[in-house]
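In what follows, a single structure is set out as C-alpha cells and then discussed.
What follows draws every value from the coordinates through simple rules; no lab data is involved. Note that the structure is predicted; figures quoted are calculated from it, not measured. In this analysis, Cβ positions are derived from the backbone assuming ideal geometry, glycine residues included, and neighbour counts consider all displayed protein chains.
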Amino acid sequence: MATKVLIVEDEHAIRQMVTLALSNSGFEVLEAGDAELARSLLLNEPPDLILMDWMLPGASGIELTRSLKADKVTRDIPVIMLTARGDEDDKVRGLDSGAEDYISKPFSPREMIARIKAVLRRVAPHATEEAVSAENLTLDPSSHRVCYNDAPIDMGPTEFRLLHFFMTHQDKVYSRSRLLDRVWGTNVYIEERTVDVHIRRLRKALEPFGADSLLQTVRGAGYRFSIGPNPHAAA
Ligand code: CA
C-alpha cells in the first residue's frame with residue numbers, strides 16, 4: 001500500500017520534478033494542473049496527502065484548500081502548500097488556508113520528502129509505512145504483517161487496513177460512517193453494516209491471542225481501539 005500524494009501545480013516542470021522524486025521514494029503520485037481536475041481526482045481516489053501550489057489558474061490553491069478543509073469528507077487529508085519565498089510566503093501563511101505545512105520554492109526533493117513524512121507522521125500515521133504496536137501486537141505495513149509477540153496473525157486486506165487505522169488512532173471512538181470514510185475511502189458506497197462484518201472478522205483473527213478485547217464496542221457511538229479497559233462495555 002504505497003502512500004498516495006496528489007500534486008496540484010500548473011507548472012509542468014515542477015510537477016514533473018515532484019512526481020519523479022516521489023515515485024523514486026516509493027510514493028504513488030496523482031497529478032493535477034488545476035483546481036478543477038484536482039477536485040475530481042481526489043474525490044475518485046482520495047490521496048493520503050496533497051501538495052498544493054498556491055498560484056493556480058482558476059481557483060487558487062488557498063481557495064481550494066479552504067473548501068477541502070470545510071468539507072467533512074476531505075478535511076482530514078493533510079495539505080502542504082507550495083509557495084514562493086519572501087513576501088508571498090508570509091502572505092500565504094497570513095491567509096490561513098488550514099494547510100498543515102508550507103514549503104517555499106525553490107525546494108529540494110529531499111526537503112520536500114522530509115516535510116511530507118513529518119506531516120504524515122503527525123496527522124496521518126496510518127498513511128506511513130512505519131510499524132506500530134500496542135501491548136504485544138505489532139503491525140508492519142511494509143511487510144504487511146501482524147504479529148502477536150512473534151506469532152504471525154492471518155487476516156484479510158480490509159481487516160489489515162482497519163487494524164492499521166485503529167492502531168494509529170488509539171483511544172478514539174469512530175462511528176461506522178467515519179470508519180467508512182477513513183478506511184474504505186470517501187467515494188465508496190457501501191453499507192454501514194459492512195463495517196460490522198469486518199470488525200467481526202478482525203476480532204476473530206485476534207481472538208486466539210486474546211487481543212480481540214483491544215477492539216472495543218462503544219455503544220451508540222462506534223468502535224475504539226484501546227489497551228485500557230472499556231468503560232462502555234455491556235454488562
Ligand atoms: Ca503555479
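Please return the ranges of strands (runs of 3 or more DSSP E) entirely within segment 8-125 where 1 or more residues are away from the ligand (no atom under 16 Å from the Cβ) and among the acidic types (Asp, Glu). Even if it seems obvious, please write down each step before you answer.
On the way: elements: 28-32, 49-53, 79-84, 101-105.
Because the criterion is at least 1 residues that are away from the ligand (no atom under 16 Å from the Cβ) and among the acidic types (Asp, Glu), the strands (runs of 3 or more DSSP E) in segment 8-125 that meet it are 28-32, 101-105.
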Is it the case that some residue within segment 179-200 is touching a Leu at 6+ places or on another chain (Cβ under 7 Å) and closer than 19 Å to residue 228 by Cβ? yes
Within segment 189-231, residues more than 23 Å from the chain's Cα centre (by Cα) and among the hydrophobic types (A, V, I, L, M, F, W, C) come out as 205, 206, 209, 211, 218
Just need a number here: residues in segment 102-132 that are under 14 Å from residue 51 (Cβ atoms) and of a type in the set (D, E, K, R). 4
For segment 141-235, list the strands (runs of 3 or more DSSP E) that sit wholly inside it and hold at least 3 residues that are surrounded by 18 or more Cβ atoms within 10 Å (Cβ to Cβ) and either out of contact with any Pro (no Cβ under 6 Å at 6 or more places or on another chain) or touching a residue at least 60 places away in the same chain (Cβ under 8 Å) (or both); which are they? 222-225
